[in-house]
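The values are calculated or read from the model by the stated rules, or taken from the named source; none is laboratory data. What you see is a predicted model, and the numbers here were worked out from it, not measured in a lab. Methodologically, a virtual Cβ is constructed for each residue, glycine included, from the backbone with ideal geometry; neighbour enumeration extends over all protein chains shown.
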Amino acid sequence: MRSIRAYLIGFLATAGLTVACSGGDGEGTDSSGECAGGEMQCDGMCVNTNIDEDNCGGCGITCNDGFVCAGGSCMADCAGGTSKCGEECVDLLDNVSNCGACGEACGTGEMCNLGVCTSCTAGETVCGNECVDTSVSNSHCGACDNACEPGEPCNDGACGLSCGAGETNCDGVCTDTDGDAANCGSCGNTCGVNQQCFDGVCVDPCAQDETLCDGECVDTSASAAHCGGCGSACGQDEVCVDGSCSPPCADDEALCGGVCVDPQSSPEHCGGCDNLCEYPNAAAVCELGVCALGMCDSGWADLDDDPGNGCEVEVPRRAFVTSVTYNGNLGGVAGADAKCQTLALSAGLGGTWRAWLSDDSATPATRFMQTMTEVQRLDGNPVASDWTDLTDGNLLNAISVTEKGTSVGSSIVWTNTLGDGTMPGTEYCANWTSSSGLEQGLSGNSAAVDETWTNASLGPCNSKRRLYCFEL
């Protein structure tokens, strides 16, 4: 208890109060025998009744254990490091109302630091007993005690998402609007289906074998500027082949679009880079660096020997019924096409041929060129004047002549196709892969000129029947 008294005596002495130590013999009196100022005699001793625990506030008034005398009153002893100021225990080292001593209040804008009132630096604000920058403080954002939620840092005195350089806050998500297809150029600006965002602009998608590099669709397997990937440039005179930089072209070749080509034979670079050979309705060839007319497209002919207008005359498409019969296992529609093509080439007809046949995947209405002009039998007799005439349910002449030029008369032909070129149902021998007698397929009659030429009757898939073949 006396150690606490000694602490208070020292404290009050620091505060400028007169403190005297008194003994039973009257020690502490002045020259006149009286007690020093602020003291009084109790039992012949001069004591300071403001702090004396045995004479607290008056002689004989003793403070109980756990209490100290302060200001002439017995008060509960404060916890370690704190002092009693008024009715509360405070830490005199950081209490702005009692800084260093009870009642020593700091001024506006000051804080108490180690018992000394201190001003905050420029740009800071006193919040509680600390100097904070309210422009960035998550606990005091914009004002004291305005705390930000987790994940929303304080930026310029406002709580919110802080995005990095080059990013924009779009609905709480940091994104690069230069490349974000959902926020292209600005928040909420969504690019179209399959479009990409480049430099903040929506661009159309590249082809399957191309890549978007610097806003341009390029073939990275052949581009010397983007060989194997965007920005991977080949060295001087190098070429890009299959995505790898290679040495320069051979002496008889030229580098065109990053590819070594022979300008003597390349239709795309005939005689020089980008000199494209092309003719209407015909293939083009390059012969010794000069463009020349190649083979006419199927259904077209060159009758005026003028390569400038290509193959200028559209010739009738041809149709025949096969001389060979087949069961329902045709190998699918593709297998039937192959059978037509084989028979046509064997007969020296040339051209490209397809079977008049339908399954789950395709029908003549989807597989044939509907821009075709007249269709003829191989004997020259017309079958139809055009696609519309072919699919109106009536033919001009029955398709009864084979690839060999012979007539078969009335014969059953696999079709599973209606007169308008569409599929009626699922009677197609399991997509033309079954020869089972339990499966059926729809057939037509080669002697008919009404719709029964293609839609006549059902038959078991183990029976042998013919095919109709048309030139594209």
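Numerical summary
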| item | result |
| --- | --- |
| From THR388, THR433, residue being of a type in the set (S, T, N, Q), surrounded by fewer than 20 Cβ atoms within 10 Å (Cβ to Cβ) and touching a residue at least 40 places away in the same chain (Cβ under 8 Å) | THR433 |
| Wholly within the stretch 205-247, strands (runs of 3 or more DSSP E) carrying at least 2 residues that are within 26 Å of the chain's Cα centre (by Cα) | 211-213, 216-218 |
| Pick from the stretch 32-51, criterion part of a loop (DSSP other than H, G, I, E, B) and among the aliphatic types (A, V, I, L, M), ranking: farthest from the chain's Cα centre (by Cα) | ALA36 |
| Unmet requirement for GLN376, which otherwise passes all of (1) part of a loop (DSSP other than H, G, I, E, B); (2) over 48 Å from the mean Cα position of the chain (by Cα); (3) closer than 27 Å to VAL313 by Cβ | (1) |
| Pair list, Cβ under 6 Å, 6 or more apart: the stretch 82-100 residue under 18 Å from GLY72 (Cβ atoms), other residue among the hydrophobic types (A, V, I, L, M, F, W, C) and assigned to a loop (DSSP other than H, G, I, E, B) | SER83/LEU92; LYS84/CYS78; CYS85/CYS102 |
| Filtered residues of the stretch 101-124 (kept if surrounded by fewer than 17 Cβ atoms within 10 Å (Cβ to Cβ) and part of a loop (DSSP other than H, G, I, E, B)) | ALA101, GLY103, ALA105, GLY107, THR108, GLY109, LEU114, GLY115, CYS120, THR121, ALA122, GLY123 |
| Answer from THR402, THR415, THR406 - the residue that is under 16 Å from ARG318 (Cβ atoms), polar (S, T, N, Q) and touching a Phe, Trp or Tyr at 6+ places or on another chain (Cβ under 8 Å) | THR402 |
| Conditions (1) buried (at least 17 other Cβ atoms within 10 Å of the Cβ); (2) in a loop (DSSP other than H, G, I, E, B); (3) at pLDDT 75 or above; (4) in contact with a strand residue (DSSP E or B) (Cβ under 6 Å, 6 or more places away or on another chain); number of the one not met by SER22 | (3) |
| Subset of the stretch 125-146 [of a type in the set (A, V, I, L, M, F, W, C) and loosely packed, with under 14 Cβ neighbours inside 10 Å] | ALA143 |
| Within the stretch 294-338, considering residues that are in a loop (DSSP other than H, G, I, E, B) and β-branched (Val, Ile, Thr), the one surrounded by the fewest Cβ atoms within 10 Å (Cβ to Cβ) | VAL324 |
